[in-house]
1. Express the Stokes-Einstein translational diffusion coefficient of the protein assembly as shown in µm² s⁻¹, to the nearest whole number, given a Kirkwood radius over alpha-carbon pairs, 20 °C and a viscosity of 1.002 mPa s.
2. Karplus couplings for the stretch A:1017-1029 from phi (6.51 cos²θ - 1.76 cosθ + 1.60, θ = phi - 60°), rounded to Hz, Gly and Pro as x?
3. How about the stretch A:518-624: which trypsin sites (Lys or Arg not before Pro) there lie in a loop by DSSP and see at most 16 other Cβ atoms within 10 Å?
4. Taking the beta-carbon count within 10 Å as an exposure proxy, list A:LYS817, A:LYS447, B:LYS74 from fewest neighbours to most.
5. Just tell me how shielded B:17-25 is by partners: mean number of partner chain Cβ atoms within 10 Å of each residue's Cβ, no decimals.
6. Just to confirm the number: angle between the C-alpha axis of helix A:683-701 and the first principal axis of chain A, 0 to 90 degrees, nearest 10?
7. Only counting other Cβ atoms within 10 Å, I'd like A:LYS804, A:LYS981, A:LYS956, A:LYS784 sorted with the fewest neighbours first.
8. Quick check: residue separation of A:VAL307 and A:HIS158 times 0.36 nm, minus the Cα distance between them. What number comes out in nm?
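Please treat every number below as a calculation from the coordinates, not as lab data. Fair warning: this is a prediction, and the values are worked out from it, not measured in the lab. Don't worry about glycine lacking a Cβ; one is built from the backbone with ideal geometry, like all the others, and counts go over all protein chains shown.
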Amino acid sequence: MKRAKAPSGPTVPPAETSEVVFALIEALHATGKRLEELTAGEVDTVADRHGRPHLLRHAQEALRHTEAARQAAILNALPAHLALLDPHGRVLSVNDTWRRFADANGLRSPAYGVGLNYLEVCDRARGKGAEGAREAAEGIRAVLGGGAESFTAEYPCHSPEQERWFLLMVTPMIHEQPGGVVVVHVDVTAKRLADDRLRESEGRFRQIAENIRDVFFLHEAARERMLYVSPAYEEIWGRTCESLHARPKSWIDAVHRDDQAAIKRQFTEEVAAKPSTMEYRIVRPGGEVRWIEARTFPVRDDSGTVVRIAGLAKDITQLRQTTQELRESERRFSDLLRDVELVAVMLDREARITFCNSYLLRLTGWQQEDVLGRDWFDLFVPPELDGRKRFLATLLGDQARVACHENEILTRAGDRRLVRWNHTLLRSADGDRIGIASIGEDITEQKLAEVRIRRLTRVYAMLSGVNALIVRVRDREELFVEACRIAVEVGAFRMAWIGVVDPKTLDGRVVAWFGGDAEYVGLVRLTGREGTPESERPACRALRQAQAVICNDIATDLSLASIRKGLLEHGLRSAAYFPLTVTGRPEAVMALIAGETGVFDDEELRLLTELSCDISFAMDHIGKQERLDYLAYYDVLTGLANRTLFLERVGQYMRSAAIGRHSLALFLVDLERFRNVNESLGRAAGDALLRQVAELLTRLAGDVGLLARVGADQFAAVLPAVKAEGHVARLLEKAVTGFMEHPFRLEEAVFRISARAGVALFPEDGTDAETLLRRAEAALERAKKDGERYSFYTREMTDAVGEKLTLESRLREALEKGEFVLHYQPKVNLASGSLTGAEALIRWNDPGTGLVPPGRFIPVLEETGMIHEVGRWALHRANADTQRWRAAGLPAVRVSVNVSPLQLRSRSFIDEVRQVVDGNPDGGAGLELEITESLIMEDVRHSIASLQAIRALGVKVAIDDFGTGFSSLSYLSRLPVDTLKIDRAFVTDMTAGPEGLALVSTIISLAHSLKLTVVAEGVETEEQSRLLRLLGCNEMQGFLISKPVPAELFETRFLAQPAG
Amino acid sequence: MSRRVVFRFRLYVADDALNSARAVINLTALCREHLPGRHEIEIVDVFRHPERALADGIFLTPTLVRLSPSPVRKIVGSLSQTSAVLEALGLEKREP
């Protein structure tokens, strides 16, 4: 352990002071040295006796060095260039940054300028920076002389590579004491650049303000004057900025007189205290009015007072106009809803009526104020239709957006109207289900008419059946039983009975019935007497009064009260009773009883009365065996009607044709060479021939009631309803051919007889039976003269028919010779543009005339039934093409084939499709059938079954030409289909106006809600394509992509190089 | 048992004078190597606390005082000669 001794205190001798002092210093030195030697330089301090530490010299020196090094380090670490100048301006020293700067900028001078006079250097500067240098020198002199506390200046100092700026700072080396300065240069380039950018962006902002189409303005609220407006003012206001600046208060003059007060108020300090927006009108010098939207912001001084109003004014004339037009279009739409001949009603979630149109009010007899806010079900829905509220709940809860059904609603008077509804879910802007909107079509009359037409058709059939019966029946019993059977089986009555009355006792009984049972028949009491308990029953009244008695609602008819229960239990709802009168005296009564109420209207009654007359007539002639009467109406030889009866019947058919608004055809058939037969083979053979002809005609006509023998060798036939153009012609062809080919057997030999026919049409050629027959005779004469097999009364008709028949035979030939071809029209995905499928279209390549447009021959194919064969061919052809492409490794796109109405109705069609599908390795994939909407709607139930069967085979189904009827929307959700094709007409209308666009948009969203793919047909322009894409339509086809092309072309152009 | 003995040192220094600074560095290095986890060092600046130096009888800096284990020992100097220091602190014989 080492220990240093404390130095002992010095003693000072009185004399030789300097010597003593000197010795003392020596001693001190020696002591210090000794101490350091003693401690081997390992010790820093030594304490005196009071404990005060004293640094040893070497430690002091070390400390000084350290301090100097630190200061130098600080100076060198500074990013500024530092130089110390002496009072004369000579450079004493520089820091590392200064040196580095000098190095980097090629300014290396001996010792980096240390020793040079900085002031002189600055004074001598020449060239670009000379002026700045002189300024710097002046500043440094001022600080050196004590005349300034400090000096700063910013100056550019650009190097060849970049622009630079420096900040020069000069401060005294020691404050309040002249003696040199510190010169600092700081690189402020970055800051300077930032400043420049700011200035630049401010400049740009100003440019924007000056160039923008809106008007910036600054308004002095206190003095109501405009301080500044940007140049757009001139454009919008039509006045110069100078004019406003010259008269700052004049801006208010430009404001429309009616808006001035409001604007003045708006620009007061109080109102302008917060940002606001206003709209007002200005009047341009020419008198033109423009709408301005001005947004204002208060500008406040330090005390918070609004001193200025800053603002932005915008010309919204155009915008307002557009908005106005939009409102107008909305108004038109709601007007449409209001005025349309459809029920429009909206319900909230609680079934309260929130909107109804005047049509509903007219229909039901309520006033609007009675209806709004009321419960729909309380007011309009018949009480037996409970569960309708559940329906509303289901509708509100269901995901489906459209729902349809039919139900009756009550009018104020208690009547019922049948309405077919389409419901749509109403959603709030947030998407909540807030109720339903329903559009309803009053189909009461339509339904009634349908039912009535169905009934009348049956009654006609019944009439015709009874007529045929009358011809062949030989006794009353058979007549009665058969008449009842025809009434039930043909006339669709629930029950029919006939009762006869004993002329002496006037008591009667049921002798024939059909459709009921004996128990019921037992209920019937029949009497011709008055005053019995049964005398007032309708059947008895009919007997007594010799006129028809009608009971259109058994449930309410008092006369049937006693047996009402039994009748109702048997499902009988209405009845009619007809007296059967022989020579003016009622001998029997016929009852026709229906399962519906209100069956017997005037038209039906008239026909049924006629029927009862026919039966009466037959009773009469059977009863009296009066063959003469019979002969008056029938041809004894053939049993066919004679001319008289035929004309009567034709008259009847004409009346129903007029009602049904359809045509009727009357044929007069003349046998050729009949006279020869008569003469060569004898009269018996002639008669036999006539009978065989009558049989053949009956077979051809299908109903003996349609035929008559009107001359020795002339027969007449009536076609009560001409179904379509071509119908008559084909019938004639069939008949003429049938005649020619039919082997008539006379005396063990086979004869071929040919016939000619003359045809007259109702209503074109005549409006009464007699005239029509005469016209048919005239037509027949001409056929004989022209050597034609048949002739129409109108020559044009004959020509048209001939042309049609030529076309028919050409088409038959075309099918045999394979002149039909398939063309393919591509369908593409609207979003991606990629090929998704093709529609196969039949073309007829007539070698004589080239490609025949489908519109010319497809209808003929359908009329002739050839569509079955051609349709089958098309299906197989399209399938074969598809399979070939698939086998060749080409893209497997879906090919769709059109199906004709007749095909879908045919029972064998599904089997045909199944055959095709079964032969494919991948079944029905890749095949689609297109079926027109109208066809599906003709018989919805059958269509649904057929479509389901088709889809079960894996084949897709598309609805073609969609959008042709409102009613179809209601069935759409039920149809088992995959694709919906929007008819080209809608696509065309889409660009014509907002309604067309809205319609297509609706169809698309409807289809999507039903998860159907939507294909737009007939797309011809980019605009249509763009709109369809916007509307979310899935696919399109049309001339924009390609017209239908032959299979080979389709293959090379679209399959081999998929459109992309 | 002796390995668990904690060495408590107090080092008197003169601010950051050369030898004092060295002594601090040497002491901490020595402790880290030879007395890991069982040492405490207190540093006293005599310029700031001359009264403590007087009380402890310290006249020279730097001076290291070993407070424990007893007996108390004092070593003057920059502690640069490690082996001598270790010996003085009684740690040398523990090294092989």
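1. Once the numbers are plugged in, D ends up at 48 µm²/s.
2. 9, x, 7, 10, 10, 4, 4, 4, 4, 5, 4, 4, 5
3. Answer by residue number: A:ARG529.
4. Numbers: A:LYS817 10, A:LYS447 13, B:LYS74 18.
Ranked by crowding around the Cβ, least crowded first: A:LYS817, A:LYS447, B:LYS74.
5. On the way: counts 12, 10, 10, 4, 3, 2, 2, 0, 0.
Counting other chains' Cβ atoms within 10 Å and averaging over B:17-25 gives 5.
6. Here the helix axis deviates by roughly 20 degrees.
7. Ranking A:LYS804, A:LYS981, A:LYS956, A:LYS784 by Cβ neighbours within 10 Å, fewest first, gives A:LYS784, A:LYS804, A:LYS956, A:LYS981.
8. Value of the extension gain: 49.1 nm.
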